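To keep things clear, I will list the structure first and then write my remarks on it.
What follows draws every value from the coordinates through simple rules; no lab data is involved. These numbers were taken from a predicted model, which means no experiment stands behind them. Cβ sites come from the backbone with ideal geometry, for glycine too, and all protein chains shown count toward neighbours.
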Amino acid sequence: MQQPRSVELIMPSGYPPDMERVKKAVDRLTMAGHRVLNGERLQRKFQRFGGTDEERLSDLNSLADANRELADIVMAVRGGYGLTRLLDRIDYSGIAARLQAANTVLVGHSDFTVLQLALMAKTGLVTFSGPMLNADFGAEPLSQFTWDHFWQTITAPEREISWQNEEARDLAVSGTLWGGNLTMLCSLLGTPYFPAVSGGILFVEDVNEPPFRVERLLYQLHLSGILSRQAALVLGDFSACKTTDYDNGFGLPAVIEQIRRISGIPVVSGLPYGHCPDKLTLPVGAMAKLRSADGRVDLKFSHYPCLCN
């Protein structure tokens with residue numbers, strides 16, 4: 001059983017479309033002994049957002065307030081869209097200073113990627129790309145893999161995960177682990193919110209994007225010089241990546257081979273991470289080592305916020 005923790009909910013993007021699912025997630029956290037804070041935010045709705053821009057911005061910037069107590073974990077309720085509207089008004093340095101001092105874990109994925117990368121670019125803050133309240137902890141059935149890996153990761157100073165990939169080539173690299181949702185990552189190119197990472201291990205995933213769009217996004221990273229500066233590219237889950245008859249055999253495997261050929265860097269697939277039931281929790285901005293041999297891939301990461309006490 002996990003040590004009881006406090007969990008603050010934030011809705012910086014969309015609102016939850018299924019309140020029964022949210023209730024189930026809150027009940028699961030409570031039954032596990034955790035204390036869920038700011039549940040009143042779950043009732044907010046403005047257009048497609050989890051509150052007005054001002055409300056959602058206030059939630060984020062309140063994390064920088066030295067006069068309030070921070071929770072152990074700050075968790076996004078869901079993704080969708082909305083954080084891009086707030087990027088130029090977020091108190092990055094204030095948030096980073098308070099979260100680092102309190103050793104608070106900040107977690108989410110999907111649209112949340114832009115906040116994580118912006119914090120990394122502006123301050124170097126390490127956050128977690130992982131489960132959210134609505135889609136993950138409210139899922140039926142709950143993925144025990146996702147639940148266990150989240151708690152195991154944020155309560156240990158380092159972690160090593162492995163997966164099978166018979167096509168993985170022999171590899172041993174190390175560098176900064178960074179990335180997230182591919183679409184949101186590419187949306188930050190050319191802005192001050194895109195991290196300047198060289199020699200990194202870049203991980204990406206996406207949802208509802210056909211193969212040609214995935215390739216186009218990866219080409220955007222290639223043509224802008226981002227891929228060639230990385231030690232490796234790691235591909236997670238590309239949920240609902242559907243082909244049509246017009247694709248004529250052009251699918252995700254063809255995309256992977258093309259990007260491997262033109263980028264000149266190692267490309268490893270099969271990472272259990274993304275818009276999928278079973279997902280890892282990955283520290284964005286941590287140090288990592290990636291190795292593959294004999295059809296097995298190992299990813300070890302360290303130097304991230306840890307609720308180790």
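The figures follow:
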| item | result |
| --- | --- |
| Vicinal HN-Hα couplings computed from phi for segment 84-91 (Karplus, 6.51 cos²θ - 1.76 cosθ + 1.60; Hz; Gly/Pro x) | 4, 5, 9, 3, 7, 10, 8, 7 |
| Distant-in-sequence amide H partners of Ala156 (H built 1.01 Å from N, under 5 Å) | Leu307 |
| Order of Asp245, Asp294, Asp111 - criterion: other Cβ atoms within 10 Å of each residue's Cβ, fewest first | Asp245, Asp294, Asp111 |
| Rg in Å to one decimal, and Dmax rounded to a whole Å, for segment 60-197 via C-alpha atoms | 16.0, 53 |
| Charge context of His303, other residues only, Cβ under 15 angstrom, K/R +1, D/E -1 | +1 |
| Subset of Lys24/Lys279; Lys24/Lys289; Lys23/Lys300; Lys45/Lys300; Lys23/Lys289 violating a 31 Å alpha-carbon distance limit | Lys24/Lys289; Lys23/Lys300; Lys45/Lys300; Lys23/Lys289 |
| Extreme residue, positive dipole direction of the chain, given options Thr191, Val267, Leu142 (C-beta unit charges) | Thr191 |
| Sequence-distant residues sharing a close amide H with Arg296 (under 5 Å, placed H) | Asn165 |
| Kyte-Doolittle mean at least 0.5, axial Cα span of 24 Å or more - DSSP H helices of the chain | none |
| Dipole in debye (nearest 20) - the chain, about Cα centre, beta carbon charges: Lys, Arg +1; Asp, Glu -1 | 420 debye |
| Proximal aspartates and glutamates relative to Lys122, as straight alpha-carbon distance under 14 Å, when same-chain residues fewer than 8 apart are discounted | Asp88, Asp91 |
| Within the chain, longest stretch clear of exposed GluC sites (Glu not before Pro) (DSSP loop, no more than 10 other Cβ within 10 Å) | 167-309 |
| Semi-axis lengths (Å, descending) of the ellipsoid that matches the C-alpha gyration tensor of the chain | 30, 21, 20 |
| Beta bridges by DSSP in the chain, antiparallel share as percent, to the nearest 5 | 50 percent |
| Net +/- balance of residues flanking Phe212 in space, Cβ distance below 15 Å, scoring K and R +1, D and E -1 | -3 |
| Glu166 versus Ala66: modelled label distance in nm, points set 7 Å from Cα along the beta carbon direction | 6.0 nm |
| Neighbour net charge for Val284 - beta-carbon separation under 15 angstrom, K R +1, D E -1 | +1 |
| Cα→Cβ-extended label distance, 7 Å offset, between Thr191 and Asn103, nm | 3.3 nm |
| Values of log10 I(q)/I(0), in the order q = 0.09, 0.10, 0.18 Å⁻¹, for segment 175-309 under a Debye, Cα-only, solvent-free model | -0.26, -0.32, -1.06 |
| Residue-averaged 222 nm ellipticity for the chain, from DSSP H runs of 4+ at -39500 (n - 2.57), nearest 500 | -8500 deg cm²/dmol |
